[in-house]
Amino acid sequence: MGRLVVVSNRVPAPRERSQPAGGLAVGVRDAVRGTESLWFGWSGRHTTQSREQTAKLDTHESCTYATIDLTRSEYEHFYEKFSNGLLWPLCHYRIGIIDYKRIDYQVYREVNALFADQLVPLLREDDTLWVHDYHLFPLGAKLRRRGIKAKIGFFLHIPFPPWSVTRVLPCAEEMLREMAAYDLIGVQTEEDARNMNGCFEANNLPNRAVHFPIGIDPVEFNEQAEQNVMAEEVQRLQASLRGRKLILGVDRLDYSKGIPERIHGYETFLNRYPEHKGETVLLQITPVSRAGVASYRALRRELDEMAGHINAMHGNFDWSPIRYLTQSVPREVLAGFHRIADVALVTPLRDGMNLVAKEFVAAQSADDPGALILSSLAGAAPEMEQALMVNPYDHEGIADAIHAGITMSLEERQRRWQALHYDVTQNTAANWADRFLEMLRETERQE
Ligand code: ADQ
């Protein structure tokens, strides 16, 4: 069997390779582990040099990492503006905040062509290629134009909206035509597959999308959670709660994660159930991401204000209802926090999957599991029916779910957790990668 060649916008830096954070990196690490593979993408560095550079190579275990640098201008137009200022909100159904400029699309295509130019000399005839995420929609077509005959699969980690939304994008037709160059396209949910295939049909293109929900490595996360219960940070958190229930929120600072809506729901809980006042702490851990994009900076200001307001309005001299952090927390400490949490609040307005929901389930103990509150609009919802399901726009619904979560009997928590845990252990990141690659290898090469 030939090599697996993975292409993603970012390639993990050396220190992240054995302990990656985030779904794409964990899933792909499992796929490349033990097989001869090449992982190609951006280094995370900026260059001021002209374009004579070639990819830098280094090998770790069975995988060779090949990285290129981008100029500041490429980073701005390709990554910040077109990928994260336009495609991200569009795919999360937020057409009100998209900002389309032809120059951004032009540079997006140029960077995809650059990826193709730099990758082609590294390829062998019997390689199988697996391209990841919305930064690289046109890459398959660019590779075909350069004569690459290998199988090329694509996986989209974020949602995909129906044609009625997608067609808002002035370049939608061209992008879809180019996406048809992939032999197989994986998406997270049945709904995403239906939407994407609907877009292909509307443009007389063949259907390519099949759903492959991504998972985590539940054994590893559970071990980290168990081992870190005694870690200093986890012990300090536990002691500081003084017997209060811990409600945990863990998300990148992103408007798709529904953090203001969640905090509003928590405030409604404090108002609606005053008998529980003083008995809970919401720990919201939200490291800053994409700070170069204006809508993310505005969200940060909004959250700072909300958290301050709630603590001022509802807190007391010996109790703050919300602890809101924007620093990032090491993954193993986070696993320990998940372990001791009584409730996880996972309330995205839209999410491709949402791995935090799965990590919470993996981290909990069978003896005394906590309750998962999950948005029905997360990609994880169809698989995690035994969560307390909420509509993230319904703050009263969130308030009721928090109340249900903190008062739920042990038997019910165990019953729900066992069902959730079964699914999380059945559909792991490794299974996800295997299923996708197996179908890709069986798919006929498209011309
Ligand atoms: P993300 O939008 O990044 O991923 P998510 O699936 O929740 O969202 O994955 C986030 C990862 O980062 C989790 O592993 C989580 O533990 C970690 N993380 C979050 N906050 C952290 C913190 N404060 N400190 C350390 N680690 C933190 C995209 C899509 C998702 C999809 C994944 C994988 O948006 O819908 O599930 O890809 O396909």
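The values are calculated or read from the model by the stated rules, or taken from the named source; none is laboratory data. Everything quoted here is computed from the prediction, not taken from an experiment. All Cβ positions, glycine included, derive from the backbone under ideal geometry; neighbour counts span all protein chains shown.
Values as computed for the structure displayed
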{"read-out": "Residue 360 vs. criteria over 17 Å from the mean Cα position of the chain (by Cα), within 11 Å of the ligand (Cβ to nearest atom) and in a helix (DSSP H, G or I)", "value": "no"}
{"read-out": "Test: residue in the range 182-198 that is closer than 28 Å to residue 75 by Cα and in contact with an Asp or Glu (Cβ under 6 Å, 6 or more places away or on another chain)", "value": "no"}
{"read-out": "The range 143-159 - residue that is part of a loop (DSSP other than H, G, I, E, B) and among the hydrophobic types (A, V, I, L, M, F, W, C) and, of those, surrounded by the most Cβ atoms within 10 Å (Cβ to Cβ)", "value": "156"}
{"read-out": "Hits in the range 300-334 - residues which are assigned to a loop (DSSP other than H, G, I, E, B) and small (Gly, Ala, Ser)", "value": "315, 320, 328"}
{"read-out": "One residue from 138, 162, 121 being out of contact with any Leu (no Cβ under 8 Å at 6 or more places or on another chain), loosely packed, with under 15 Cβ neighbours inside 10 Å and in contact (Cβ under 8 Å) with a residue 24 or more places away in the chain", "value": "121"}
{"read-out": "Subset tally (residues that are within 11 Å of the ligand (Cβ to nearest atom), buried (at least 24 other Cβ atoms within 10 Å of the Cβ) and either small (Gly, Ala, Ser) or more than 17 Å from the chain's Cα centre (by Cα) (or both)) for the range 328-343", "value": "3"}
{"read-out": "Where residue 178 falls short, out of the listed (1) within 16 Å of the ligand (Cβ to nearest atom); (2) at pLDDT 95 or above; (3) not in a loop (DSSP other than H, G, I, E, B)", "value": "(1)"}
{"read-out": "Pair list, Cβ < 6 Å and 6+ apart or interchain, from the range 355-369 residues that are farther than 16 Å from residue 380 by Cβ and modelled with pLDDT of 95 or more to residues that are of a type outside the set (Lys, Arg) and not in a loop (DSSP other than H, G, I, E, B)", "value": "369/417"}
{"read-out": "Test: residue 91 is away from the ligand (no atom under 16 Å from the Cβ) and crowded, with 22+ Cβ neighbours inside 10 Å", "value": "no"}
{"read-out": "Pairs, first acidic (Asp, Glu) in the range 293-304, second at pLDDT 90 or above, C-beta under 9 Å, six or more apart", "value": "302/259; 302/260; 304/324; 304/326"}
{"read-out": "Failed condition for residue 443, given (1) at pLDDT below 95; (2) in contact with a strand residue (DSSP E or B) (Cβ under 6 Å, 6 or more places away or on another chain); (3) surrounded by 22 or more Cβ atoms within 10 Å (Cβ to Cβ)", "value": "(3)"}
{"read-out": "The range 105-142 - residue that is assigned to a loop (DSSP other than H, G, I, E, B) and over 21 Å from residue 32 (Cβ atoms) and, of those, farthest from the chain's Cα centre (by Cα)", "value": "138"}
{"read-out": "Subset tally (residues that are aliphatic (A, V, I, L, M) and within 16 Å of the ligand (Cβ to nearest atom)) for the range 284-327", "value": "9"}
{"read-out": "All strands (runs of 3 or more DSSP E) inside the range 206-299 with 1 or more residues being under 25 Å from residue 423 (Cα atoms)", "value": "209-211, 245-250"}
